[in-house]
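Every read-out reported here was derived from the displayed coordinates using simple, explicitly stated rules and does not represent laboratory data. All values derive from a computational prediction rather than experimental measurement. Note that each Cβ is placed from the backbone with ideal geometry, even for glycine, and that neighbours are counted across all protein chains shown.
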């Protein structure tokens with residue numbers, strides 16, 4: 001089966017979040033809990049049903065991912081863009097924080 | 001410009017407070033997302049890929065400097081330092097927090113702006129010719145009528161839950177710059193033989209998955225009957241428009257399925273019941289609204305003629321900009337400046353907070369405090385003295401706002417596409433950027449001449465691809481982006497829907513394909529004066545198909 005993660009948008013500010021292994025919503029996809037087998041997927045599907053009533057998030061959905069170079073890589077472009085930010089503004093979205101971290105690391 | 005009266009102020013403030021309460025109740029969990037979503041949408045708040053999106057109405061595309069400064073302030077304080085001007089003459093912010101949106105709406109209300117009816121199945125922001133009131137070819141200013149329609153349609157109890165969204169456009173000039181034939185209702189102001197003002201009325205135009213050109217249903221409607229006739233159209237649509245299928249719910253489908261003649265008869269019958277009633281517009285009311293849009297007192301500036309001629313001779317880039325981006329004003333001492341929001345390789349329609357503040361300053365100093373938003377995602381300074389053009393140009397050029405490409409191949413309309421939009425299937429902006437870079441040379445653009453490229457990232461057609469001379473539609477096929485080309489669309493007096501030329505192109509091949517289309521046009525045009533759309537209408541699609549896909553296979 002394809003690896004799956006559970007994603008949503010945070011109610012208060014709309015930003016994309018992913019369900020982590022501890023049951024909290026995380027701001028980067030690499031922090032997501034990955035369902036790698038049927039039992040885990042069932043757990044994630046249950047979490048999806050519960051999250052429909054969670055006032056922290058909206059638009060909860062399961063997405064297919066694979067692992068590439070130690071990172072989670074959504075199979076659909078739409079989900080890759082959600083996970084990174086607009087491809088035309090690398091200074092915005094999640095990718096901006098990564099770039100800022102990289103820049104800080106280089107500067108250090 | 002129209003100014004809110006006490007009723008308008010109270011109405012908008014009350015709406016802000018209602019919305020603030022709705023957000024509070026949502027955040028506390030008192031109401032569910034299913035209950036809240038229609039409420040936030042009625043206030044222009046969408047949820048997109050990365051964040052919420054707030055769409056703010058710019059009625060008929062007219063803004064004051066104060067309003068533009070407030071838009072810049074909102075971009076800076078509540079968003080990421082920019083806004084996106086849309087094909088509905090509105091502005092969208094891509095990153096507001098839900099919890100900030102009541103405060104944003106409160107700040108907008110202070111400058112007589114709101115986001116009401118920028119979403120939902122209601123009458124949307126009424127659009128108008130962006131050169132309204134100043135165009136040399138104008139019969140009458142369409143904005144007073146657009147304002148009357150705005151007031152009438154705001155939270156109209158009968159028309160707040162239509163089968164689908166409803167868009168109205170008004171133009172008052174000979175040349176249609178408002179794309180009225182792509183609207184649910186298109187109104188073309190004209191004078192009859194007696195010199196009286198009225199409208200040619202079109203209905204049933206639209207884009208989306210079923211593009212249709214509007215049908216003329218009345219040659220001349222007296223101006224006093226604007227609301228009675230519009231009400232008759234909306235009432236018939238509201239009663240008989242389909243609600244069983246959202247893809248067949250627009251009035252264009254009702255026109256198509258009922259037949260223009262039959263539907264017109266139904267509308268006229270309804271109008272007969274309404275026309276003698278309270279919806280007839282008294283002359284005094286029309287005059288009162290019209291007075292808000294009176295031409296400002298423009299002092300004589302005839303020194304500009306000689307000055308401009310000398311400056312154009314001295315500065316080649318300035319001369320090219322004047323040639324392309326300055327249009328004739330009713331007053332010969334003045335010009336109408338189009339500020340391009342399409343820098344070469346830039347994002348169509350985006351403006352930073354700094355740019356918005358600068359434009360507000362320039363408008364205050366040089367354009368009688370007035371700015372327009374065009375449906376082609378540019379801005380306009382409507383009243384600039386010829387003598388001031390160089391000063392305006394210099395200030396714009398210092399902020400990457402003086403690209404001389406109005407109506408040229410790099411003046412591309414593009415929807416936000418998959419970079420932002422939750423409905424999109426493919427990206428639009430990178431395609432626009434690559435084409436812009438490929439054709440960025442000023443000489444090459446001028447050689448090609450007028451050519452409108454319009455790009456949509458899904459079949460909803462927010463990027464107006466159906467009516468692009470060259471239209472590009474992004475689709476998703478087997479998980480990848482693919483771009484279909486349409487040719488021969490236009491959104492002017494001879495509105496036409498573009499024809500799909502063949503199979504789509506991968507992202508890395510679409511710019512080459514556009515270049516092939518352009519080179520084919522350059523090779524077959526009869527003279528440099530024959531524009532792309534004229535040439536296309538003369539020769540049809542086949543030469544372009546052959547250039548793109550090779551000779552059609554011969555039957556055995």
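Below, the figures for the structure above:
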| item | result |
| --- | --- |
| The protein assembly as shown, helix-only ellipticity at 222 nm - DSSP H runs n ≥ 4, -39,500 (n - 2.57), divided by all residues, nearest 500 | -11500 deg cm²/dmol |
| Ascending count of other beta-carbon atoms within 10 Å, so fewest first, for A:24, B:527, A:12 | B:527, A:24, A:12 |
| Kirkwood hydrodynamic radius of the protein assembly as shown, Cα pairs, Å | 26.3 Å |
| Cα-based convex hull volume of segment B:154-199 per residue, rounded to whole Å³ | 106 Å³ |
| Cα-based radius of gyration of chain A once divided by 2.2 N^0.38 Å, which approximates compact folds | 1.10 |
| Mean projected area in nm² (Cα convex hull; one quarter of hull surface) for segment B:435-494 | 5.0 nm² |
| Percent of beta bridges antiparallel (DSSP, segment B:133-292, rounded to nearest 5) | 80 percent |
| Förster-model FRET efficiency, 22 Å R0, residue A:55 and residue B:17, C-beta, rounded to 0.05 | 0.50 |
| Debye log10 I(q)/I(0) at q = 0.16, 0.20 Å⁻¹ for segment B:266-390, Cα point scatterers | -0.87, -1.16 |
| Pairwise label distance in nanometres, residue B:106 with residue B:530, each label 7 Å out on the Cα-Cβ vector | 6.3 nm |
| C-alpha center-to-center spacing [segment B:270-323, segment B:444-475] in angstrom | 29 Å |
| Shape of segment B:300-350, Cα gyration tensor, a/c cut at 1.5 | oblate |
| Separation between Cα centres of segment B:1-78 and segment B:481-556, rounded to whole Å | 42 Å |
| Compactness of segment B:216-287, expressed as Rg and Dmax over alpha-carbon positions, Å | 13.6, 43 |
| Likely footprinting exposure, B:452, B:103, fewest C-beta neighbours within 10 Å first | B:103, B:452 |
| Where N is the number of residues in segment B:6-110, Cα Rg divided by 2.2 N^0.38 Å | 1.06 |
| Sequence ranges B:310-319, B:260-269, B:419-428, ranked by mean other-Cβ count within 10 angstrom, highest first | B:419-428, B:260-269, B:310-319 |
| For segment B:399-556, radius of gyration divided by Kirkwood radius, i.e. Rg to Rh on alpha-carbons | 0.96 |
| Chain B: radius of gyration and largest Cα-Cα distance (Dmax), Å | 23.1, 77 |
| Simple spin-label estimate for residue A:66 and residue A:13 in nanometres, 7 Å along Cα-Cβ | 3.3 nm |
| Kirkwood-based shape ratio for segment B:118-274, expressed as Rg/Rh from alpha carbons | 0.94 |
| Antiparallel %, DSSP beta bridges [both residues in the protein assembly as shown], to 5 | 85 percent |
